[in-house]
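Sharing a structure here in structure tokens format.
The values are calculated or read from the model by the stated rules, or taken from the named source; none is laboratory data. Just so we're clear, the structure is a prediction, and the values are computed from it rather than from any experiment. Note: ideal-geometry Cβ built from the backbone for every residue, glycine included; neighbour counts use all protein chains shown.
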Amino acid sequence: MAKQTEDIIMKSIMELFKGDAVKFFGIDKRVISNTRTELSEIYVQKNINDWILETDDGMLLHFEFQCTYDVEDLYRFMVSDAIMCFKFKKPVKTMVVYSAEIEDTITTLDIGAIQYNVDAFYMVKLDGDKAYADVKAKIEAGKRITKQDIMNIVFLPLMKTGEDRVAKLEQAIMLSKELKTADEQLQIQAMIGMLAEKFVSDEDVLQRLKGLINMGAIAEMIREDARKDAIKEYSVEIARSMLKDDMVGIDFISKHTGLDIDTVKQLQAEMKQGK
């Protein structure tokens with residue numbers, strides 16, 4: 001899956017989940033923005049982080065999803081966090097989400113000058129069969145589906161279960177199709193598709209799973225989001241140009257670019273700092 005496509009899918013998913021995503025993992029913070037961050041390391045190797053979320057208290061939440069465990073991964077995460085901290089001048093909190101095959105890991109590195117810690121979330125502690133049964137029962141009873149129910153559908157394939165992961169991926173896809181809101185269906189299926197690409201190595205199985213997903217509608221969602229991003233990028237450039245004229249007020253710029261006032265103020269602050 002192309003990085004740009006993943007970027008747009010993750011943006012769309014996090015718009016749906018907002019703070020509910022981090023609450024699922026037991027983090028009591030309010031998310032204000034999200035991104036996928038690509039960092040260039042000293043050897044020009046690319047390291048793409050799974051999720052980077054910014055909270056209202058100025059912290060970056062870094063999520064990594066792992067189906068294997070190797071202490072070398074902690075060194076990789078440490079380097080990524082150090083680069084992010086250096087680049088954005090903000091504290092970083094990292095949570096590694098391990099699929100149900102993994103129950104215990106090292107979460108601390110001591111390399112002398114640096115003491116590095118991550119939080120680990122073990123999906124083995126979540127009963128996937130029960131989560132599936134509970135959400136299925138609510139859908140069949142016509143009860144309101146909460147954001148946490150949606151999170152259970154998305155992460156169902158990573159939880160502890162009596163079935164294999166492919167079967168759980170299929171169950172999650174079929175559950176998503178029973179939801180009433182088309183946007184939620186597509187966003188969940190897009191996320192499940194990303195998880196399938198990360199955790200399913202058999203190409204034939206992967207293509208079969210994709211066949212169950214409404215790929216055409218997801219592609220249209222991606223194109224529409226890309227169009228909106230392009231319009232916003234153009235509006236930002238216009239706003240930057242207008243901000244250079246001290247005679248033009250923030251309200252005027254907001255009105256004529258379609259950007260909200262807070263965004264214009266942020267652009268103004270960045271320009272004053274010489275960014």
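Output the residues belonging to segment 82-92 that are of a type outside the set (V, I, T) and either without any contact (Cβ under 8 Å) to a residue 40 or more places away in the chain or touching a Cys at 6+ places or on another chain (Cβ under 9 Å) (or both).
The answer is A82, C85, F86, F88, K89, K90, P91.
All but one of (1) surrounded by fewer than 19 Cβ atoms within 10 Å (Cβ to Cβ); (2) in contact (Cβ under 8 Å) with a residue 60 or more places away in the chain hold for K136, so report the exception by its number.
Every condition holds for K136 apart from (2).
Limited to segment 77-114, what total is found for residues that are more than 26 Å from D57 (Cβ to Cβ) and surrounded by 17 or more Cβ atoms within 10 Å (Cβ to Cβ)?
4
Considering only segment 158-173, I want to know if a residue exists there that is on the phi > 0 side of the Ramachandran plot, not aliphatic (A, V, I, L, M) and not in a helix (DSSP H, G or I).
No.
What pairs can you find where one residue is in segment 97-111 and closer than 14 Å to L195 by Cβ, the other is of a type in the set (D, E, K, R) and assigned to a loop (DSSP other than H, G, I, E, B), and their Cβ atoms are less than 9 Å apart, with a gap of 6+ or different chains?
V97/D50
Could I ask something else about it? Modelled with pLDDT under 80 and closer than 21 Å to F155 by Cα: is that true of I231 in this structure?
no
Filter segment 50-85 for residues that are within 17 Å of the chain's Cα centre (by Cα) and hydroxyl-bearing (S, T, Y) and give the result.
Scanning segment 50-85 gives T55, S80.
Name every residue in segment 170-185 that is closer than 15 Å to V135 by Cβ and either modelled with pLDDT of 85 or more or within 20 Å of the chain's Cα centre (by Cα) (or both), in order of residue number.
E170, Q171, A172, I173, M174, L175, S176, K177, E178, L179, E184, Q185
Being among the hydroxyl-bearing types (S, T, Y) and either touching a Phe, Trp or Tyr at 6+ places or on another chain (Cβ under 9 Å) or assigned to a helix (DSSP H, G or I) (or both) is the filter here, so list the residues in segment 174-192 that pass it.
S176
If you don't mind, there's one more thing I want to ask. Is it the case that segment 186-200 has a residue that's surrounded by fewer than 22 Cβ atoms within 10 Å (Cβ to Cβ), farther than 20 Å from A131 by Cβ, among the acidic types (D, E) and free of Cβ contacts under 8 Å to residues at least 24 places away in the same chain?
No.
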